[in-house]
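Structure record follows, encoded as structure tokens.
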Amino acid sequence: MRADREAALTALYSDFTALNMEGGWHRRFPALWPEPRRNFLPHVWHYADVKPILDRAGELIDTQQAERRNLTMFNPVEGNIYSTVRTIVAAYQMIRPGETARAHRHTPNALRLILEGHGTSTVVDGKQVEMRPGDVLLTPNWAWHSHSNDGAEQCYWMDFLDVPLVHLLEPMFYEPHPDGLEQAVEQLEQAPIAFRWEDTLAHFEAEQARLGPNVPLTIELGPAQLDTIALHMLRIGAGQTTAPVQTTANAVFAVVQGNGVAEIDGERHPWSFGDTIAVPAWRAHSIHAQSDAVLLRVSDEPVMRKLGWLRSRQP
Ligand code: 1HN
């Protein structure tokens, strides 16, 4: 009787497999778990390591060959070859004097943080804005964008895109501009897609007047224009540390100025100007500054909030 049942079960389970199905009571891997598994790894990429590599690439690869001379930072978690955290990819890009990165558009949302160099501008849907250090410039879903360096200096910046989220959900569309560059272009000093460094500093001053001098400040670059990505600037004074937090939002931090140490899941990660810090979902973290620091936090908070999955707590 018992042996009959065992044989019947074995037959049942092999029929599952043959038909590409599985019993909820028979899984080899659980489908549900009590709280987020920490999957992607905390990691820091140092600009001091990246910059010479961008410079070497600059001597070997031109913008004819590479539509964008960019280096993407892939998380060291096993099996990953692209994403910086689950939903976001971060890249460094450099453009040399006289070069143009041709216009294209794609469904992934993108933004840039300018690190170094003057004389380069970006054109987003026909609006040309200069790129200056500390500025954050947006290229939303399906906006045309190109970059040109008409100055004398190499320009370095960081790109952040929701490409991994688009890969996951699959609504990828990409199109090169038929003319290579947009034809009718209007030059703008202020534009809704441009968050200027001077405005960020003024915003911090106003926030400090409200909260006092001894606490780290967080401001949002808004109103939000990217559906999937939230942008916050953090100002952390020398010796200050942010309150530890654990959140379902995936984040990448970029260092705009200063240096310090990020504590992520109990491990210390030193950072300085231009570095990229991957803080994946549910990794408890706090950030300590050793000199007056500003960091940009790029996160998928709007996605988590919209879908009812944003949960944050003090670890
Ligand atoms: C992209 O289109 C740009 O337009 C930069 O400057 C970085 C990284 C991955 C995929 C597309 C750009 C990118 C990118």
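The values are calculated or read from the model by the stated rules, or taken from the named source; none is laboratory data. The structure presented is a predicted model; accordingly, all values stated were derived computationally and were not measured. Ideal geometry is used to build each Cβ from the backbone, glycine not excepted, and the neighbour counts take in all protein chains shown.
Annotation note: of Gln128, Gln93, the sole residue that is outside any loop (DSSP other than H, G, I, E, B), touching a residue at least 40 places away in the same chain (Cβ under 8 Å) and away from the ligand (no atom under 12 Å from the Cβ) is Gln128.
Would you tally the residues in the range 283-307 being surrounded by fewer than 22 Cβ atoms within 10 Å (Cβ to Cβ) and either of a type in the set (Gly, Ala, Ser) or in contact (Cβ under 8 Å) with a residue 60 or more places away in the chain (or both)? Break it down stepwise before answering.
Of the range 283-307, the ones surrounded by fewer than 22 Cβ atoms within 10 Å (Cβ to Cβ) are 284, 286, 288, 290-292, 294, 297, 302-307.
Filter again for either of a type in the set (Gly, Ala, Ser) or in contact (Cβ under 8 Å) with a residue 60 or more places away in the chain (or both), leaving 284, 286, 291, 294, 297, 302-303.
Residues in the range 283-307 being surrounded by fewer than 22 Cβ atoms within 10 Å (Cβ to Cβ) and either of a type in the set (Gly, Ala, Ser) or in contact (Cβ under 8 Å) with a residue 60 or more places away in the chain (or both): 7 in total.
If I ask for residues that are modelled with pLDDT under 95 and away from the ligand (no atom under 13 Å from the Cβ), which ones from the range 61-90 would you list?
Of the range 61-90, the ones modelled with pLDDT under 95 are 61-70.
Answer for the range 61-90, where residues must be modelled with pLDDT under 95 and away from the ligand (no atom under 13 Å from the Cβ): Ile61, Asp62, Gln64, Gln65.
Screening the candidates Thr87, Thr72 for the property of being in a loop (DSSP other than H, G, I, E, B) and surrounded by 16 or more Cβ atoms within 10 Å (Cβ to Cβ) yields one hit, Thr87.
When you look at Glu182, is it over 17 Å from the mean Cα position of the chain (by Cα), surrounded by 15 or more Cβ atoms within 10 Å (Cβ to Cβ) and within 16 Å of the ligand (Cβ to nearest atom), yes or no?
On the way: over 17 Å from the mean Cα position of the chain (by Cα): yes; surrounded by 15 or more Cβ atoms within 10 Å (Cβ to Cβ): yes; within 16 Å of the ligand (Cβ to nearest atom): yes.
When the stated conditions are applied, Glu182 passes them.
Do we have any residue at all in the range 208-215 that's within 16 Å of the ligand (Cβ to nearest atom) and either touching a Gly at 6+ places or on another chain (Cβ under 7 Å) or not acidic (Asp, Glu) (or both)? Within the range 208-215, not a single residue is within 16 Å of the ligand (Cβ to nearest atom) and either touching a Gly at 6+ places or on another chain (Cβ under 7 Å) or not acidic (Asp, Glu) (or both). If the condition is being surrounded by fewer than 19 Cβ atoms within 10 Å (Cβ to Cβ), in a strand (DSSP E or B) and touching a residue at least 24 places away in the same chain (Cβ under 8 Å), then the range 247-268 contributes Gln257, Val261, Glu263, Glu267.
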